[in-house]
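This report concerns only the one structure given below.
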Amino acid sequence: MAEIEREAMEYDVVIVGAGPAGLSAAIRLKQLDADLNIVVLEKGSEVGAHILSGAVLDPVGLNKLIPDWKEKGAPLNVPVKEDNFYVLGEAGHLRIPNMLMPPLMNNHGNYIVSMGNVCRWMAEQAEEMGVEIFPGMACSEVVYGENGEVKGVVAGEFGKNADGTPGPSYEPGMELHGKYVFLGEGVRGSLSKQVIAKYDLAAKSDVQKYGLGMKEIWEIDPEKHSEGTVTHTMGWPLEGNAGGGSFIYHLENNQVYVGFVVHLNYKNPHLFPYMEFQRFKHYPQVAELLKGGKRVAYGARAISEGGYQSMPQLAFPGGALLGCAAGMVNVPRIKGNHNAMLSGMAAAEAAIEAIKAGRGGDLLDGYDEAVRKGAIGKDLKKVRNVKPLWSKYGLLASLGIGGMDMWANTIGIGFLGTLRHGKSDADATEAASKHKEIAYPKPDGTLSFDRLTNVSFSFTNHEESQPAHLQLTDPSVPVGINLPTYAGPSARYCPAGVYEFVGEGDDTKFQINFQNCVHCKTCDIKDPSQNITWTVPQGGDGPNYPNM
């Protein structure tokens with residue numbers, strides 16, 4: 001096929017991803033120099049369509065970026081009024097007194113929000129400042145310059161046939177070039193993954209770790225609603241099978257966010273994260289809360305959990321990794337949006353300094369240092385050992401030793417040093433023969449739901465004639481290796497029912513229902529053979545989250 005010719009547009013800074021990190025970067029750039037040409041490219045059909053987060057927002061980033069956000073109508077309407085922590089067991093539950101929790105775990109002063117709506121509001125602020133924002137523009141390729149630096153990206157390629165060849169309505173897209181390119185794609189971004197590999201940005205960092213977060217929005221009985229209440233649980237139903245836990249956040253309008261996180265370093269390939277979430281809702285207190293209510297939305301997203309020691313080098317020739325693309329989530333707090341915003345601002349400040357000095361396409365060294373030595377580094381360093389303790393020694397060690405370590409780090413004492421994570425989540429998966437199958441109760445259709453029914457509440461859609469954006473390195477691996485060795489875990493770890501094994505014996509085939517994909521990236525992370533690569537579908541495709 002002849003090389004595709006594309007038009008090119010020149011900007012000062014090109015930003016991939018209209019999440020909290022990318023939008024914060026765009027706003028900060030314009031605050032510092034109103035004459036800069038800034039573009040933000042978003043693969044979702046609109047800003048916020050692909051944003052899924054808990055979310056209890058620490059406003060520290062927003063306070064710094066837009067101090068008068070209240071006057072400007074930011075959708076932070078529900079301050080946290082009550083904080084609850086429970087350990088669940090089959091026989092009952094135990095509340096952990098708030099006074100035992102390190103100060104950093106206190107949610108007072110934070111807000112229960114829809115990050116999708118926060119990002120929509122941030123996009124309005126950015127556009128008023130002259131930032132160009134293009135939703136429905138998936139960035140499918142990195143463009144490199146003569147010296148091997150990142151020069152730009154390809155965005156807006158549409159109309160390929162299923163085999164990858166140009167179809168009758170093919171549009172080649174455009175190249176968008178910048179003095180610097182910021183990648184704010186979120187967890188396991190496809191371009192970020194390529195850039196990290198090309199420049200070996202993770203050479204000095206620990207392996208990255210991940211969790212799978214699943215979330216439903218429920219409208220519940222007004223008499224059971226308690227606006228501003230935040231509840232987190234650990235223990236049942238996962239117990240010894242995996243790390244993780246739940247969150248239940250009461251926002252306005254009698255709505256509740258019900259979410260469940262499963263750490264993806266679980267060993268037993270029979271584990272079914274989605275069904276663990278559905279089973280959780282049958283816990284007596286949770287079932288009573290949801291009884292008489294209705295589920296109105298569903299979604300899922302991977303979460304970066306490696307923390308301080310797993311962040312790669314953040315700057316690369318010609319650009320920078322922002323927010324969750326680099327892994328800036330504070331795991332015990334289950335918060336990363338504040339750090340995403342702070343990282344966007346730090347990258348913007350480093351780029352402004354470089355552009356004013358007449359530079360472009362080089363390494364923004366100051367950004368990496370600002371993140372590690374500034375508020376983000378301090379936030380993550382205090383909690384750096386909680387995840388490895390949990391992974392190696394279980395929940396009780398995480399609560400006990402991890403809690404003491406967080407208290408000690410609060411006053412500047414790191415008695416454990418920095419623990420390492422060990423294996424990647426893919427390598428943590430063990431052969432099915434070493435583990436027992438797990439029997440899951442059938443969803444009742446009232447509190448719990450089958451995957452395909454729930455996926456319809458993510459409002460996901462993909463044009464079926466395009467190539468599958470979930471690509472197999474070796475098509476023989478799923479049936480030849482993953483099925484006999486690991487009992488075909490992709491049929492379970494995917495929270496959207498994308499993967500299934502059809503037929504029996506020699507007639508077994510691996511089927512990819514990419515139309516169901518909610519862009520969580522779990523397959524790219526957890527596949528034990530690392531045989532699945534998640535790439536972007538054409539722009540606008542995927543979930544259409546209303547107010548996740």
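The values are calculated or read from the model by the stated rules, or taken from the named source; none is laboratory data. All values derive from a computational prediction rather than experimental measurement. Quick reminder, even Gly has a Cβ in these numbers, built from the backbone with ideal geometry, and neighbours come from all protein chains shown. The accessibility values were calculated without ligands, DNA or RNA, using every heavy atom of the protein model including side chains. Shrake-Rupley method; radii C 1.70, N 1.55, O 1.52, S 1.80 Å.
Worth pointing out:
- Residue check for residue 522: crowded, with 16+ Cβ neighbours inside 10 Å, over 30 Å from residue 172 (Cβ atoms), among the β-branched types (Val, Ile, Thr) and at pLDDT 95 or above: yes
Condition check ((1) assigned to a loop (DSSP other than H, G, I, E, B); (2) open to solvent by 10 Å² or more (accessible area, probe 1.4 Å); (3) closer than 24 Å to residue 15 by Cβ; (4) in contact (Cβ under 8 Å) with a residue 24 or more places away in the chain) across all residues:
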{"site": "68", "(1), (2), (3), (4)": "yes, yes, yes, no"}
{"site": "71", "(1), (2), (3), (4)": "yes, yes, no, no"}
{"site": "86", "(1), (2), (3), (4)": "no, yes, no, yes"}
{"site": "109", "(1), (2), (3), (4)": "yes, yes, no, yes"}
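- Helices (runs of 4 or more DSSP H) enclosed by the stretch 421-509 - at least 2 residues per element that are among the polar types (S, T, N, Q): 451-455
- The lone criterion from (1) basic (Lys, Arg); (2) out of contact with any strand residue (DSSP E or B) (no Cβ under 9 Å at 6 or more places or on another chain); (3) assigned to a helix (DSSP H, G or I); (4) closer than 30 Å to residue 482 by Cα left unmet by residue 387 is number (2).
- In the stretch 153-202, the residues that are open to solvent by less than 50 Å² (accessible area, probe 1.4 Å), at negative phi, small (Gly, Ala, Ser) and not in a loop (DSSP other than H, G, I, E, B): 155, 167, 178, 190, 192
- Apart from one condition, residue 296 fits all of (1) surrounded by fewer than 24 Cβ atoms within 10 Å (Cβ to Cβ); (2) at positive phi; (3) modelled with pLDDT of 95 or more; the exception is (2).
- Flag if residue 94 is free of Cβ contacts under 8 Å to residues at least 60 places away in the same chain, in contact with a Gly (Cβ under 9 Å, 6 or more places away or on another chain) and under 30 Å from residue 276 (Cβ atoms): yes
- The requirement of being open to solvent by 10 Å² or more (accessible area, probe 1.4 Å), in contact with an Asp or Glu (Cβ under 6 Å, 6 or more places away or on another chain) and not aliphatic (A, V, I, L, M) is fulfilled somewhere in the stretch 270-284, by at least one residue.
- Applying the condition of being small (Gly, Ala, Ser) and open to solvent by 50 Å² or more (accessible area, probe 1.4 Å) to the stretch 481-508 and asking which residue is modelled with the highest pLDDT yields 503.
- Of all residue pairs spaced 6 or more apart or on separate chains, those with beta-carbon atoms under 8 Å, a first member in the stretch 300-317 that is more than 28 Å from residue 277 (Cβ to Cβ) and a second member that is crowded, with 24+ Cβ neighbours inside 10 Å and of a type in the set (Ser, Thr, Tyr) are 314/343; 314/367; 315/367.
- Residue under evaluation residue 133, criteria (1) modelled with pLDDT of 95 or more; (2) in a strand (DSSP E or B); (3) in contact with a Phe, Trp or Tyr (Cβ under 7 Å, 6 or more places away or on another chain), criterion not met: (3)
- Residue in the stretch 433-467 that is least open to solvent (accessible area, probe 1.4 Å), counting only those that are touching a His at 6+ places or on another chain (Cβ under 9 Å) and hydrophobic (A, V, I, L, M, F, W, C): 447
- For first residues located in the stretch 130-146 and touching a residue at least 12 places away in the same chain (Cβ under 8 Å), partners that are of a type in the set (Val, Ile, Thr) and surrounded by fewer than 19 Cβ atoms within 10 Å (Cβ to Cβ) and lie 6+ apart or on another chain with Cβ distances below 8 Å form the pairs 140/535.
- Checked against the criterion of being in contact (Cβ under 8 Å) with a residue 24 or more places away in the chain, open to solvent by less than 40 Å² (accessible area, probe 1.4 Å) and touching a helix residue (DSSP H, G or I) at 6+ places or on another chain (Cβ under 6 Å), the stretch 353-369 contains one or more residues that satisfy it.
- Given (1) modelled with pLDDT under 95; (2) open to solvent by less than 10 Å² (accessible area, probe 1.4 Å), number of the condition residue 314 does not satisfy: (1)
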